[in-house]
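Worksheet for the structure shown next.
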Amino acid sequence: SQQGEEDPQALSIQEGENATMNCSYKTSINNLQWYRQNSGRGLVHLILIRSNEREKHSGRLRVTLDTSKKSSSLLITASRAADTASYFCATDGGGGSNYKLTFGKGTLLTVNP
Amino acid sequence: KAGVTQTPRYLIKTRGQQVTLSCSPISGHRSVSWYQQTPGQGLQFLFEYFSETQRNKGNFPGRFSGRQFSNSRSEMNVSTLELGDSALYLCASSLGTLIDQPQHFGDGTRLSIL
């Protein structure tokens with residue numbers, strides 16, 4: 001079963017606009033990660049946020065985490081056509097022996113030039 | 001530093017055959033994980049190896065197996081292939097013993113079953 005669920009499933013915006021994607025999960029976590037996948041390629045790690053952190057930034061990316069609501073959001077500011085990709089959140093399950101990530105089904109972001 | 005390398009990139013097999021996929025992790029990475037990605041089920045965890053030991057396994061039948069060698073390279077094998085095994089198989093490597101490390105993915109092997 002999917003631990004993380006992204007919302008919306010698809011998002012289409014114009015270049016220069018901001019894009020916000022949300023992720024909800026079911027069980028406790030130690031950390032939550034966001035990944036990007038271009039069509040037909042592997043996933044690229046974007047940001048890791050730990051359960052005791054509320055916000056993290058990396059360049060044009062801003063991730064928030066609300067453990068009380070079991071949710072996270074990824075904001076991409078000033079989007080570019082090159083940001084067109086699928087975005088996934090992944091959680092570690094929060095257990096003592098965390099040797100796997102559980103991914104959501106992703107948000108397909110299309111940035112129109 | 002070279003990234004994660006998966007071979008082959010594309011593979012076509014028929015039902016009932018078996019297949020072996022290979023993954024070379026980033027130099028120095030000792031953890032290797034495998035995932036299956038399909039349009040219907042998304043990304044699903046297959047198994048994870050660290051120092052030649054399988055530490056965790058996902059909910060896949062015994063037809064799916066893997067191993068890791070002393071140089072951290074990993075292989076996964078699927079026997080008695082079924083149409084539903086058609087998917088993109090992704091390998092990821094990471095440093096250390098804990099999962100709270102960024103996973104570095106290869107570009108995958110796209111397996112098509114006829």
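Nothing in this text is a laboratory measurement; each read-out follows from the coordinates by a stated rule. Model, not experiment: these values are computed from the prediction. A quick note on method: Cβ atoms are made from the backbone with ideal geometry, for glycine too, and the neighbour counts reach across all protein chains shown.
Report yes if some residue within the range A:41-51 is among the small types (G, A, S) and part of a strand (DSSP E or B); otherwise report no. The answer is no, given that none of the residues of the range A:41-51 is among the small types (G, A, S) and part of a strand (DSSP E or B). Within the range B:23-40, one or more residues are in a strand (DSSP E or B), of a type outside the set (A, V, I, L, M) and more than 13 Å from chain A (Cβ to nearest Cβ). Of the residues in the range B:10-20, not one is surrounded by 17 or more Cβ atoms within 10 Å (Cβ to Cβ) and under 11 Å from the mean Cα position of the chain (by Cα). Under the condition of being within 14 Å of B:V4 (Cβ to Cβ) and either at the interface with chain A (Cβ under 9 Å from one of its Cβ atoms) or charged (D, E, K, R) (or both), the residues counted in the range B:89-98 number 3.
Annotation: of all residues in the range A:23-60 being away from chain B (no Cβ under 14 Å) and without any contact (Cβ under 8 Å) to a residue 24 or more places away in the chain, the one that is surrounded by the most Cβ atoms within 10 Å (Cβ to Cβ) is A:R60.
For A:T20, the conditions (1) over 13 Å from the mean Cα position of the chain (by Cα); (2) more than 14 Å from chain B (Cβ to nearest Cβ) are fulfilled apart from (1).
Search the range B:47-86 for residues being assigned to a loop (DSSP other than H, G, I, E, B), among the polar types (S, T, N, Q) and away from chain A (no Cβ under 14 Å), and hand back the single one that is surrounded by the most Cβ atoms within 10 Å (Cβ to Cβ). Among those that are assigned to a loop (DSSP other than H, G, I, E, B), among the polar types (S, T, N, Q) and away from chain A (no Cβ under 14 Å), it is B:S72.
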